Amino acid sequence: MPMPLWWGQINKRVFNPRALRSGKWQAIHHVGRSSGRPYRTPVEATPVADGYIITLVYGQRSDWVRNVLAAGSAQIDIGGETVDVTDVEIITADEAFARLPPDTKGPPSLLRIDEFLAVRRTDARSRSDSDATSGPTSEATSDPASDDPGGVGP
């Protein structure tokens, strides 16, 4: 069972803005399902062969996860670039660790995190679909939006 959602509300107002400013965490850009408003949420995204595995501290019930699932895509600020991602799916901890590098450290067991989000880089998808050796298709974008509950704390 993931962290309680009420803690995400505290994160939204206290820790997430600081985490985004610190630059320590990756940020996922997503759009509100109802409002259409753009958001940025700090996340922990670990690279895998064709994309990223994102730790879901609050599980799939958090707003940012529901937004990304509804859209089917998002953007992640990672390693100094903004990467377009798609093929979004919730996976179990066992599935996540089967895809992650063997030396990847898991979240503290106290947090009881059992859900992860798998996303595929759009440039990885286009290469595998066409067997072409094209470069990345993502472009850096500016998103001044506020943060959303369900990210990670400092």
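The figures follow:
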| read-out | value |
| --- | --- |
| Residue check, Val68 at pLDDT 95 or above, in contact with a strand residue (DSSP E or B) (Cβ under 7 Å, 6 or more places away or on another chain) and over 22 Å from Ile113 (Cα atoms) | no |
| Only one of Ala124, Ala118 that is surrounded by 16 or more Cβ atoms within 10 Å (Cβ to Cβ), within 25 Å of Val31 (Cα to Cα), of a type in the set (A, V, I, L, M) and modelled with pLDDT under 85 | Ala124 |
| Pair list, Cβ < 7 Å and 6+ apart or interchain, from region 25-44 residues that are closer than 18 Å to Glu81 by Cβ to residues that are open to solvent by 10 Å² or more (accessible area, probe 1.4 Å) and hydroxyl-bearing (Ser, Thr, Tyr) | His30/Tyr39; Glu44/Thr55 |
| Condition met for Asp131 (at pLDDT below 85 and either within 22 Å of Arg18 (Cβ to Cβ) or open to solvent by 40 Å² or more (accessible area, probe 1.4 Å) (or both)) | yes |
| Test: Thr86 is among the polar types (S, T, N, Q), over 22 Å from Asp123 (Cβ atoms), assigned to a strand (DSSP E or B) and at pLDDT 90 or above | no |
| Hits in region 53-102 (condition: open to solvent by 70 Å² or more (accessible area, probe 1.4 Å) and within 22 Å of Arg37 (Cβ to Cβ)) | Gln60, Arg61, Arg66, Ala70 |
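The values are calculated or read from the model by the stated rules, or taken from the named source; none is laboratory data. Computed from a prediction, not measured in an experiment: that's the story for all the values here. Reconstructed Cβ throughout: ideal geometry from the backbone, glycine too, with neighbour counts over all protein chains shown. Ligands, DNA and RNA are stripped out before the accessible areas are found, and what is left, the full protein with its side chains, is counted by its heavy atoms. Shrake-Rupley method; radii C 1.70, N 1.55, O 1.52, S 1.80 Å.
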